[in-house]
Every structure is written in C-alpha cells, then in structure tokens.
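The values are calculated or read from the model by the stated rules, or taken from the named source; none is laboratory data. All of these numbers come straight from a predicted model, not from anything done at the bench. All Cβ positions, even for glycine, are placed from backbone atoms using ideal geometry, and neighbour counts span all protein chains on display.
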Amino acid sequence: MCSLIAHVDNGKVVRVEGDPDHPYTAGFACGKVNRDADLVNSPERVLAPLKRSGPKGSGQFTPITWDEALDEITTRWKAIIQESGPLALLGYAYSAHQGLMNRGLVSGLFHRLGGTRLLAGTVCDTCCEEAWNFTLGPVGGADPEDVVHSDLVISWGADLAATNLHFYSLVEHAKKSRGLPLVVIDPRRTRSAKNADLYLPIRIGTDAALALGVMHILVRDKLVDRDYVARHTLGFDEVERDILPKFPPEKVAEITGLPVADIEKFASMYGKAKAAMIRLGEGMTRLAAGGQALRAVALLPGVTGHFAVKGGGAMLLTAASCDLNYAAVRRPGGGAPVTRTVNHLRLGEDLLNMKDPPIRALFISANNPAVTCPEVHKVQKGLSREDLFTVVHDPFMTDTAKYADIVLPAALYLETDDLYRAYGAYWMQWGPAAAKPAGEARSNFDVAQALAGRMGLTDRIFTLTPQDAAKELFKGATGPAAEADPAKVFAGESIHIKHDWDGQPFKTPSGKLEFYSEQLAKIGVSPVPDWQPDAIDEAEAKKWPLRLLTAPGYFQAHTAYSGVGFLRNREGKPFCILHPEDAQKRGLKDGDEVRVFNDRGEIGLMLKVVDEVQPGVLLVPGQRPTGEALSGTINMLCSDRFTDIGEGATYQSTWLDIGPWKAASRVAAE
Ligand SMILES: Nc1nc2c(c(=O)[nH]1)N[C@H]1C(S)=C(S)[C@@H](COP(=O)(O)OP(=O)(O)OC[C@H]3O[C@@H](n4cnc5c(=O)[nH]c(N)nc54)[C@H](O)[C@@H]3O)O[C@H]1N2
Ligand SMILES: Nc1nc2c(c(=O)[nH]1)N[C@H]1C(S)=C(S)[C@@H](COP(=O)(O)OP(=O)(O)OC[C@H]3O[C@@H](n4cnc5c(=O)[nH]c(N)nc54)[C@H](O)[C@@H]3O)O[C@H]1N2
Ligand SMILES: [Mo]
C-alpha cells in the first residue's frame, strides 16, 4: 500500500501521486493509481440511492432518498430477523476500501447483528496465507526494503511489474547499480520475466515439485545449512528421507516442463547465495494443491539458512506482524455469537442451496461477485432469487449492483478518513479525506453506523468518528504496532512497524519452521511438503486441451478501475493469450474474436497470439465485467472447488478450449 498525495483544486481531486518523502513509495505510483483523480471524478459514478424498478439484473432503477433507502433496508431486515432469525442475513463485504475502519466496521455490523458469517478472502489469499501460517506461523515475512542487502531475488509466481512496483523498482535499481541477479518463476513471460537473469516458464501447478527438486540438489551438493536446520526447523530429516529422493532433477524436469540444466542452474544460484530473498505471489496457490506449493517454496530459505540473514528469507504478506486490536472494530460486543459460515467463493452455491434458514437478506459492499467470484452462473442465479432482498453499496453500477433491490452510492478512499496498514510492506499511515464524497455518496463506515443506529445497536463504536474509532485499535495492540505513537499516526506521519531485525521469527506450535506440521496431519493433509498429480485435474486435462492461467491485468485490477475510461482503453477489450502453436492448430490468428468454453459455459473474448505462455495454456488477464467483453466473463468457466489448504479458490484448476466466435453465434442461431 502506497503513501499518496492528492492535489485538490476547488474541492476537487485533480491529481494523485506517490509521496516523494516516503522511503518506500518514493514519489511514484502505478499506472492505475496515477489515474485515481479520474476514478473519483468518473462520470459513471452512482450519485444517489436507487431502488429497483425492473426485473432483477436489468439495471432499471429510480432514485430515492437516503432516509427512504435506510428505512426500507432496516424495516426489511427486522422483519426477516423476526421470521427467520439473524442467520438469514449475510454481510458480504470485502477489501476494495483498504482502510481499517471502512473495511472493518461493515463486518462489525453483521457480527453484532449475529448474521451468517462470511469466510472472507477465500477468493484471494486464504490458501496462501493459511499454508504460510502452517509453515511459519502468523507472522509477516522479510521486509521488502531489506532487498538492499540481498544478493539474489526470486520472484516466484509474482508479477512484480504489475502488483509490486515499489519492490520491483528497488530490485531494478540494485540490478543496475550492483548487478543483483533476478530469477522469475512464472508460467507467463511477464514484464518482470523479460528483465530476469534466469526465467523459468514453469508448468502451472508444479511449483512444489520444483522447490523439492531444488532441496534435492542442495542436499546432494552439500549446500544445506545443517546448523540452521537443527536449531530453527522441525521435520527436515523426514523430508530428506521420504520426500526428496522422489525429486531428482530429471523427474522434476518431467513434471515442471523445465530443462534439467535450468533447474540445476537455479539450485546452484540459490544454494550459493548468501542472502536470497523469495518474493512469493498468490498465483501459484490458486489451484487444487496450492497450499502444498506455497509450503514447499516457503520452506526453501530454511534449508539454506537464509531466513537468518538480512535481505534473505521469503515474503508473501506482512500484515500478520501488525497486531492492532482489530476486534474493537470488527467484533463489537466481543465473542462470536452462534453462527454459521458462507465461504466467500461459494456465494452462488449458498444463495441457492443454504437452508434453515436460507439467506434472505444480502448486503454486498466493496465486492463485485457477479464478475470476480467463481461459478458466476450460479452467482447470477442466486442473485436473481425473487425472495432475496439484496443491497449493494458501491461507487459504480457494477454487474452485481444490477441485481440489487437497493443500490447505495459509496464514497471512494480519497473521500474518507481512515487508517491504513500496508500488507506488502511494514508501514502504517492515517489517510484523511481529500475531497467530499461525490453526489450523495457515503462511506462504508458511515453507512455501517447509520444501519447500526436504525437496527437499535448501541455499541460505542457505532457512534465514534473514524479517527476516534481508529484510536480504539491501539488499545490492547501488541508487538511493534503497540509502540506506534497514535499522536504521530493521526498527525499524518508514516510509521514503520517492524521489529528490530533479528532473523525471521516463527509462530508455529513448535516455535520453529515446520517442515513437518502436526496441525496439517490433524486435518488430513500431508504434514510434509510433497507433489502429486491431482486426480480431478488429471481427469479434466484428458477432456480439455487447454489450462486456464489467470494473472493480474496491468491497467485493470479486478473491476475496481473499470469506471476509468482511460484505463479501460489502455487494457483494451477483454482478451486472452494463446501460444502460436495452439492458435495455428485451430486456424486462429491474432485479433480474432474467439469463443472460450468448457462444461460450465462459453464466453467471447479477443485473441492475442504470442509466445508469452507455453503451449497448452490459455491466459486470461484480470476479470472484466460482462458489458466490456464480447460476451460473458472468465469466472463463468471457473469452478468453486476448494484448495487443499485454506478453502481457497482454484481458478487455475480450470480446463477449457477455444474456437472461432462465429461458430458460437451460428450454434446460438440454430
Ligand atoms: N495491476 C494489478 N495489481 C493488483 C491486482 C490486479 O488485479 N492488478 N490485484 C491485487 C490483489 S487483490 C492481489 S491478491 C494481488 C495479487 O498479486 P500477485 O500475488 O502478484 O498476483 P497473482 O494474481 O497471484 O499472479 C502472480 C503471477 O502468478 C503467476 N502464476 C499463476 N499460476 C502459477 C503457477 O502455478 N506457478 C507459478 N510459479 N506462477 C503462477 C501468474 O502468471 C502471475 O504472473 O495483487 C494486487 N494488485
Ligand atoms: N478468475 C479469477 N478470478 C479472481 C481472481 C483471479 O486471479 N482469477 N482474483 C481474485 C482476487 S485475488 C480478488 S481479491 C478478488 C477481487 O474481487 P472483488 O473484491 O470483487 O474486487 P473488485 O472487482 O475490485 O470489486 C470491488 C468493488 O468495490 C467497489 N469499491 C471501491 N471502493 C469502494 C469503497 O470504498 N466502498 C465500497 N462500498 N465499494 C468500493 C468497486 O467499485 C468494485 O465494484 O477477485 C478474485 N477473482
Ligand atoms: Mo486479491
């Protein structure tokens, strides 16, 4: 998360830039955030509350006042609670507003109402996060700014140029000034890969095999730090004895599709480095065995002892090391009321099939599941239920909002006061509103408080200003976050929140890096890292010739920037990327309109033919709204199956095929 400066003229945000005085943001922002003035001022924003006036999904609405909207919502909720109990309510709120108040208090509202609880984040990072927690415990990884001390950087399934520009810029600088080598491991030849000293175009879903193959070579070549292993890790002996013999270089080459020479080269670079930093991305975990992949890679610095060295180790996320008293906002009233859960990625399934009681009232905030959730056909069907009362709070008329009974206009982050703590770096900062909300838009925080008041909730948190509410987070905070001086924070100072560095800490049950995890054994997952083909994946692969690769768009992050015409055009009409060999086989060429299909349905996209991916892979960057594509959206083809760890999304366990678009229209016409 970046530290930004918003320039304001006459009450209007006219320009947004990276703060030049911030050590990590260093005066620049990415291509998307640079356009955030266009986002707040977008002519496409919803400016007043709306009530549905046509069939669900039609997008026909008439404006109403806030009082009418809030009264209708709370009257309906009270009636539903009376008839079916609070479990008939679901607050489906996510992270588009990264502020701790505007994200947290919406959850706090539904917690306090005793609604069905959302297991949030399974669409994104629960698989990688839980796999990390089983391995290192709930702690942040290496400080990205310590890369100045690294002698090797590995971008493992992270497209740095797209999603981590500030880290990438430090890497590029070190590359130029002192020849810091960069290794990129990614099925897509990303922008970062083009700049790498070694690029490994790994087969999707085989990262665990590569990591175990590297360990095999480290053992063979006596590059294991036996002292570190003995003192700080648990279970390496078992891995060495039972698992590593299965992964000699030739076998790993067969599994991963990489040449033996490159595997040897990579292992040797890694084993000989003194401070290698692995930047882990989430992409490799969004498939059936994603958790094991993350674990195997995150264990590598334990074999070489790089976890003990400044500039070495691994970094997935950092937020777990910021122990604020989040419960003050997210769980007012304390404890967990009797509840049940809906998994974030199973919205469609649960809207259709949950019983006793069924979900009857749905509040969606800062989330666009009709595009970003797998099994979109099910999501659409669930949202179309006539007996479901849906409220959507969003700055834009999204695909999801079109299904709402009531749409509430949301303020954007530049229009709200909030406290931010980064999740890709160790910084915290207060971000005051730069402008008044557009039209009648109101913030998530504000709406949660208004609804709480009308529902008769009297907890203090629902009456505080955002700043006073944020102060509650520091009461009962622990660790470095507790040392932050709230006075400085609220004066706008950026606070660095990392401990003085003394090697990567581990917060597992053993207090060590767990090659062997008893906790995993208990839930029936292999307690040691391993790679095996997945039976369902293999069956799908026999039916369909192509595997889906999903990666971030450079100018569109999910759908949050689809309200900015400039960025939409820069990204271009929703497209997919196919290797020339696969295109030729099907008589397809660059620029064609194509039909992408599997058992779940078909969508229409533009085709780019480039060798950015290997044969057998179809890359669809980002998730784009249905109105922008030729037809449909990629998640119509993705299943809602869970990952091995963390019940996360498996977008990349999707197989499909591609053909000319005309054929599809002909079939439809017949
Ligand atoms: N520009 C931009 N920035 C974003 C976002 C965006 O959509 N656009 N989204 C934001 C969000 S919500 C998130 S969670 C983060 C995610 O940020 P990242 O973790 O960096 O992104 P991922 O989507 O996980 O994809 C990273 C890379 O993983 C690769 N990958 C896919 N499968 C595999 C595999 O099996 N093995 C390996 N080694 N690599 C694989 C993809 O090709 C891709 O290049 O980014 C955030 N920032
Ligand atoms: N196929 C496939 N699907 C994926 C992924 C993938 O890699 N492949 N990635 C997954 C990942 S990592 C994630 S995180 C999810 C993201 O999925 P979503 O959470 O649905 O993300 P967005 O599409 O950005 O939708 C956020 C919505 O919030 C709105 N918004 C912005 N600011 C505010 C605010 O302050 N308040 C309110 N109320 N609304 C606001 C935006 O207008 C937008 O409509 O998608 C997941 N879906
Ligand atoms: Mo995400």
Original post:
Limited to segment 132-149, what total is found for residues that are part of a helix (DSSP H, G or I) and either surrounded by fewer than 18 Cβ atoms within 10 Å (Cβ to Cβ) or of a type in the set (Val, Ile, Thr) (or both)?
Top reply: 4
**OP:** Could you give me the residue pairs with C-beta distances under 6 Å whose first residue belongs to segment 279-300 and is over 24 Å from residue 226 (Cα atoms) and β-branched (Val, Ile, Thr), whose second residue is within 14 Å of ligand 2 (Cβ to nearest atom) and in a helix (DSSP H, G or I) wherever it lies, and which are 6+ apart or on separate chains?
**Re:** 285/127; 285/128
Original post:
Scanning for something buried (at least 21 other Cβ atoms within 10 Å of the Cβ) and either over 23 Å from residue 642 (Cβ atoms) or modelled with pLDDT under 95 (or both), does segment 518-529 turn up at least one residue?
Top reply: no
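Does residue 204 meet the test of being outside any helix (DSSP H, G or I), within 16 Å of ligand 2 (Cβ to nearest atom) and in contact with a strand residue (DSSP E or B) (Cβ under 8 Å, 6 or more places away or on another chain)? Write out each step before concluding.
Details: outside any helix (DSSP H, G or I): yes; within 16 Å of ligand 2 (Cβ to nearest atom): yes; in contact with a strand residue (DSSP E or B) (Cβ under 8 Å, 6 or more places away or on another chain): yes.
Judged against the criteria, residue 204 is a match.
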Original post:
Given (1) surrounded by 22 or more Cβ atoms within 10 Å (Cβ to Cβ); (2) at pLDDT 95 or above, where does residue 322 come up short, assuming only one miss?
Top reply: (2)
Subject >> In segment 576-601, residue nearest to ligand 2 (Cβ to nearest atom) [restricted to those that are in contact with a Leu (Cβ under 8 Å, 6 or more places away or on another chain) and more than 26 Å from residue 257 (Cα to Cα)] >> reply: 600
Original post:
Which residue pairs have Cβ atoms closer than 9 Å, lie 6 or more positions apart in sequence or on different chains, and pair a first residue in segment 240-263 that is in contact (Cβ under 8 Å) with a residue 12 or more places away in the chain with a second residue that is part of a helix (DSSP H, G or I) and polar (S, T, N, Q)?
Top reply: 263/256
Subject >> Count of residues meeting criterion [within 17 Å of residue 289 (Cβ to Cβ) and aromatic (Phe, Trp, Tyr)] in segment 206-256 >> reply: 1
Subject >> Residue check for residue 635: within 16 Å of ligand 3 (Cβ to nearest atom), under 26 Å from residue 284 (Cβ atoms) and crowded, with 18+ Cβ neighbours inside 10 Å >> reply: yes
**OP:** Could you tell me which of the residues 420, 426, 413 is in contact with a His (Cβ under 8 Å, 6 or more places away or on another chain) and farther than 20 Å from residue 42 by Cβ?
**Re:** 426
**OP:** At least 3 residues that are free of Cβ contacts under 8 Å to residues at least 24 places away in the same chain in each: list the helices (runs of 4 or more DSSP H) lying fully within segment 522-612 that qualify.
**Re:** 535-543
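Pick from segment 282-305 the residues that are farther than 17 Å from residue 529 by Cβ and at pLDDT 95 or above: which of them is farthest from ligand 3 (Cβ to nearest atom)? Steps first, answer last, please.
Our first condition is that a residue be farther than 17 Å from residue 529 by Cβ; within segment 282-305, this holds for 282-283, 286, 305.
Add one more test, that the residue is at pLDDT 95 or above, and what stays is 282, 286, 305.
Working: 282: 7, 286: 10, 305: 32 Å.
Across segment 282-305, the extreme among qualifying residues is 305.
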**OP:** Go through 103, 117 for me and flag whichever is within 16 Å of ligand 1 (Cβ to nearest atom) and of a type in the set (Lys, Arg).
**Re:** 103
Original post:
Taking the stated definitions as given, is residue 196 surrounded by 20 or more Cβ atoms within 10 Å (Cβ to Cβ), within 16 Å of ligand 1 (Cβ to nearest atom) and assigned to a loop (DSSP other than H, G, I, E, B)?
Top reply: yes
Subject >> Checking residue 158 against (1) free of Cβ contacts under 8 Å to residues at least 40 places away in the same chain; (2) within 16 Å of ligand 3 (Cβ to nearest atom), the condition it does not meet >> reply: (1)
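Going by what's in this entry, would residue 44 be described as of a type in the set (Asp, Glu), surrounded by 14 or more Cβ atoms within 10 Å (Cβ to Cβ) and at pLDDT 95 or above? Full working, then the answer.
Working: of a type in the set (Asp, Glu): yes; surrounded by 14 or more Cβ atoms within 10 Å (Cβ to Cβ): no; at pLDDT 95 or above: yes.
Judged against the criteria, residue 44 is not a match.
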Subject >> Residue that is farthest from residue 643 (Cα to Cα), among those in segment 107-125 that are touching a His at 6+ places or on another chain (Cβ under 8 Å) and either outside any loop (DSSP other than H, G, I, E, B) or more than 14 Å from ligand 3 (Cβ to nearest atom) (or both) >> reply: 117
